[in-house]
Amino acid sequence: EPEVTQTPSHQVTQMGQEVILRCVPISNHLYFYWYRQILGQKVEFLVSFYNNEISEKSEIFDDQFSVERPDGSNFTLKIRSTKLEDSAMYFCASSEALGHYGTQYFGPGTRLLVL
Amino acid sequence: DQQVKQNSPSLSVQEGRISILNCDYTNSMFDYFLWYKKYPAEGPTFLISISSIKDKNEDGRFTVFLNKSAKHLSLHIVPSQPGDSAVYFCAANRAGGGADGLTFGKGTHLIIQP
């Protein structure tokens, strides 16, 4: 069964460093998302992406974040200058369509620890 | 700002019995609701969804009920099995879907006791 994959599974970085989290969405899906879950808190939406541009973004997705689909398969989240509070699980998701026409399927996540 | 609320952080149910997980929402623009199951160190796994034009959707052991007037939905698992032990998240999306992300509740940890 097709699935969303994410790499790396764990990443440790120093505050102020740049990190890139990678995702391979399900191949026939057109909509891509990033979410994060800070330890003990709920899963929060960061950004959605369609047709090579951002569709929607939340208040969390500020100028230090960017997303890109550099080729036909990968979807990346870049954090330019990491802060301690960026430590979280980051989940990528994809869907074939929007709303009730397209269920979002999630990857296993990348655990990011900023020291 | 809790637009989706799961008021029970945990729920313990005996194997073979019914598990009922509840979820309330406040945003009347939500019209599509989903339940996800999550094991530790894994991503959320889609279980079942319901559109606001329905009041019930069933898939095997899982049934979701939606009460729009009460802004309440519930997930029923019958019969409960040990593998059902996980955290269950209720999520919602607003009218027309849009490219908005899902709004999640905080989750309910379901423990199935043998």
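Remarks
- Of all the numbered requirements in (1) open to solvent by less than 50 Å² (accessible area, probe 1.4 Å); (2) assigned to a strand (DSSP E or B); (3) aliphatic (A, V, I, L, M), residue A:12 misses one, and that requirement is (1).
- The criterion of at least 2 residues that are free of Cβ contacts under 8 Å to residues at least 24 places away in the same chain is met, among strands (runs of 3 or more DSSP E) falling completely within segment B:6-53, by B:45-51.
- Scanning segment B:85-114 for residues that are assigned to a strand (DSSP E or B), in contact with a Lys or Arg (Cβ under 7 Å, 6 or more places away or on another chain) and open to solvent by 40 Å² or more (accessible area, probe 1.4 Å) returns a single hit, B:87.
- Residues satisfying the stated conditions in segment A:73-115, i.e. hydroxyl-bearing (Ser, Thr, Tyr) and open to solvent by 70 Å² or more (accessible area, probe 1.4 Å): A:101, A:105
- Residue match in segment A:66-82 (condition: touching a helix residue (DSSP H, G or I) at 6+ places or on another chain (Cβ under 7 Å) and of a type outside the set (Gly, Ala, Ser)): yes
- Qualifying residue in segment B:62-84 (condition: within 14 Å of another protein chain (Cβ to nearest Cβ), open to solvent by 40 Å² or more (accessible area, probe 1.4 Å) and at pLDDT 95 or above): no
- Close pairs (7 angstrom Cβ cut-off, 6 or more residues apart or separate chains): more than 15 Å from residue A:91 (Cα to Cα) and open to solvent by 30 Å² or more (accessible area, probe 1.4 Å) in segment A:34-59, outside any strand (DSSP E or B) and of a type in the set (A, V, I, L, M) anywhere: A:50/A:30; A:50/B:99; A:55/B:99; A:56/B:99
- Checked against the criterion of being touching a Leu at 6+ places or on another chain (Cβ under 8 Å), open to solvent by 50 Å² or more (accessible area, probe 1.4 Å) and either at negative phi or facing another protein chain (nearest Cβ under 10 Å) (or both), the candidates B:37, B:56, B:5 yield just one match: B:56.
The values are calculated or read from the model by the stated rules, or taken from the named source; none is laboratory data. Quick caveat: nothing in here was measured; it's all calculated off a predicted structure. Positions of Cβ are generated from backbone atoms using ideal geometry, with glycine treated the same way; all protein chains shown enter the neighbour counts. Areas reflect the complete protein model, heavy atoms only, side chains present, ligands, DNA and RNA absent. Shrake-Rupley method; radii C 1.70, N 1.55, O 1.52, S 1.80 Å.
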